1. Only residues in the range 386-407 that are within 18 Å of residue 441 (Cα to Cα) count as the first member; pair them with residues that are surrounded by fewer than 16 Cβ atoms within 10 Å (Cβ to Cβ) and of a type outside the set (Val, Ile, Thr), Cβ under 7 angstrom, at least 6 apart or cross-chain, and list the lot.
2. Which numbered condition in (1) acidic (Asp, Glu); (2) farther than 20 Å from residue 523 by Cα; (3) modelled with pLDDT under 95 is the only one that residue 437 fails?
3. Among the numbered conditions (1) at pLDDT below 95; (2) of a type outside the set (D, E, K, R); (3) part of a helix (DSSP H, G or I), tell me where residue 417 comes up short.
4. Can you tell me which of 592, 621, 634, 665 is open to solvent by 60 Å² or more (accessible area, probe 1.4 Å), more than 27 Å from residue 527 (Cβ to Cβ) and in contact (Cβ under 8 Å) with a residue 12 or more places away in the chain?
5. Just checking: which of the helices (runs of 4 or more DSSP H) contained wholly in the range 132-225 hold 3 or more residues that are within 33 Å of the chain's Cα centre (by Cα) and under 30 Å from residue 39 (Cβ atoms)?
6. When only residues in the range 379-414 that are in a loop (DSSP other than H, G, I, E, B) and not charged (D, E, K, R) count, which is least open to solvent (accessible area, probe 1.4 Å)?
7. Among the residues of the range 316-332, write down those that are over 14 Å from residue 116 (Cα atoms) and either in a helix (DSSP H, G or I) or of a type outside the set (D, E, K, R) (or both).
Amino acid sequence: MIVLLGPPGVGKSALLARLGNRLTADGVVLLALKADQLPQTIKTVADIDREVGVPVVETLRGLAAERRVVLLIDQLDALSELMDQQSQRLSALLGLAQAVADMPNLQVILSSREFEYRNDVRLSTLKTEAVTLQPPPWEAVERFLVARNLDPSGWSGEAREVLRLPQHLSLFVAHLDGQQKPGFTSYHGLLEEVLDKVARDYGPRTVEAAEHIAATMGEEEELSLGAARFRPTWTEELRALEAARLIAYSEGRVKLSFSHQTLADYLRARVFVRDGQSLADFIRARQESLFVRPTLWTALAFLRTNSPAIYRRQFAALWGQPGLRPHLRFLLIAFLGQLSDPDDQEAAWLLPLLDDGADRTLRRKALAAMVDSPGWFERLPLRLAGWMAAAPEEAWETVALLSKAMGFAGDSVLALVERHWAARPETRQHALSILWDVTHWTPRASALAERLAGDVDSGDVHHLILHVVERLSQDQPAQAPQVLGRYLGACLTAIQTGRSSESMSDLLGHGTNWYGVDAIASRAPQAFLGAVWEWLLTMLEFFASEDDPLVNRYRWDHSMAFPAGRYNRQGLPEAIAAAVKAFAEQDADGFRAFVAANSRSHLMAVHHLLSLGLEGIATIRPNAVLDYLLGDPRRLAIGEAGYAQDSERLITAVVPALPPRDALRLEQAIIAWP
């Protein structure tokens, strides 16, 4: 099973709709279910059978025996808001998904908001592969707006962030793209401007109709309602709402729903606040309701912006409610944690959850909620220092927060890591994890990566080191090999000094996990060779056979000498070989100096690598190649044991570029060998 995650408005439903159309066009059998459209009477898979009209599991099994089948279930989060007594629809859908998930030739694809997926135990325990849909970068949105003759260059950062979400951008384009400079700074501000525009264009009753429909949905706990019930009173207004693309009809125009769930949420909260109801009383009375969570979230955001005093009173009443259900307590924590600019009162609510002796579950929820918030990070230095100095398991709880904070407080994070983690072997994995998602590498971050790589005692953090080096290579190609070289050297030293229980063969055994190292080598081949060459010589010397005075050949080894051969396909040796070739192609004279510095080696693998580079410059530096070949008779027999394929390729490459006299000299040397 695959689950598509993302924030509201990022385009999950639109993407699944396009995917469904593409699959159908390709002849794939598709069953698509929209979770929020299922009747409340659904409690079991058998109820789904009756709704669809066929025994779904058996039908899909039969179809999958002959054709590719896909089951799409959209908006599971709409049902995750139901708790206990009203959770049957979600349980039925998950039962269906799990019943068919292991069928051959059948793929299950789900979608959910990330918060609900992470916090509803029924969703979080699913065995799924999660794919998170991210908003497009502002540069892509800007190009779209410029194509519509708008100049967004002077727009505020807040407005830009709002419009990165496709659903928000769609609303703006449909109603407000006449604005040369948006006045809104939040999604709620955008919705308020849209509703004002709709009221001006179609009359105030049109907005009243939208509010009435949203309130009715809240009362009846449905996200779609029969359209006929609203037509006698709101006929013209329904036409206007459809023209404004705020509502949509089902096939046959039997039911209507809002164009996006967040619009319905906002309208319900708007009515709720306008009518002066007590938010705390409303929530306490409806803790099991389908709509209580989005109503609570939206109302809090509305009140915080428009009525701060009422917001504080209502939030305090809910925060201090002893019988508040856990899912609502978690939502309040999540609401506070996502604030980018928490005030002192909000800090007084949330920060005590982080104190020693506080509930560990609530502490984890609070830390997770604060990820990506500069405002909360500024309030945490002393607490962070204490947690980071704690036992590794407890310290690990801060990794996600610190990793995200690298994007807006990099120096502060690095200072904490240097002080509390970098020197502790048991938290070295924590420190490396902080660097996992870094895209812009400062000298300080690069220095930390090199320090951590040079302090390892074994390959336990191999995947972390390699990933960090790959990320660094994308931004600082010449610096990344230094980190890799420090890591390889540290592993080798740990083995040689007995600090590691691994063997030299174990060190090479990471060969199947060197994915991406070839890209690191290709971005800066000279720096790569400079960083790993001494390590390579030590390894080759260890594995090489003893000199045989009766054989006129270099010392052979069976570890990693010929990555391009039939048996050795390890990623690191291949990367080294690729770096040698690239070095020669990019700087022929520099490579000649490299050859001169290593030509006295008695190791077959070294000369194999030198021959690869020389082959690439044979036509432009033929004399250098000739001098190399004639410099030692053993260079006419470079290759696997009993063969000289490297020498043969080098000779074949250089002879056409040699004058006859030099070609004759080479021929005489070959005849005279051994």
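The values are calculated or read from the model by the stated rules, or taken from the named source; none is laboratory data. The structure presented is a predicted model; accordingly, all values stated were derived computationally and were not measured. Cβ sites come from the backbone with ideal geometry, for glycine too, and all protein chains shown count toward neighbours. Heads up: the accessible areas ignore ligands, DNA and RNA and are worked out on the full protein's heavy atoms, side chains in. Shrake-Rupley method; radii C 1.70, N 1.55, O 1.52, S 1.80 Å.
1. Sorted first by the residue in the range 386-407, then by its partner, the pairs are 403/436; 403/437.
2. (2)
3. Here residue 417 meets the rest and fails (1).
4. Step by step, each of 592, 621, 634, 665 is checked, and only 665 is open to solvent by 60 Å² or more (accessible area, probe 1.4 Å), more than 27 Å from residue 527 (Cβ to Cβ) and in contact (Cβ under 8 Å) with a residue 12 or more places away in the chain.
5. 166-175
6. Step by step, filter the range 379-414, then rank; the result is 380.
7. 316, 317, 318, 319, 320, 321, 322, 323, 324
Every residue, every condition in (1) modelled with pLDDT under 95; (2) over 31 Å from the mean Cα position of the chain (by Cα); (3) under 22 Å from residue 454 (Cβ atoms), yes or no:
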{"site": "469", "(1), (2), (3)": "no, no, yes"}
{"site": "485", "(1), (2), (3)": "no, no, yes"}
{"site": "514", "(1), (2), (3)": "yes, no, yes"}
{"site": "539", "(1), (2), (3)": "yes, yes, yes"}
{"site": "551", "(1), (2), (3)": "yes, yes, no"}
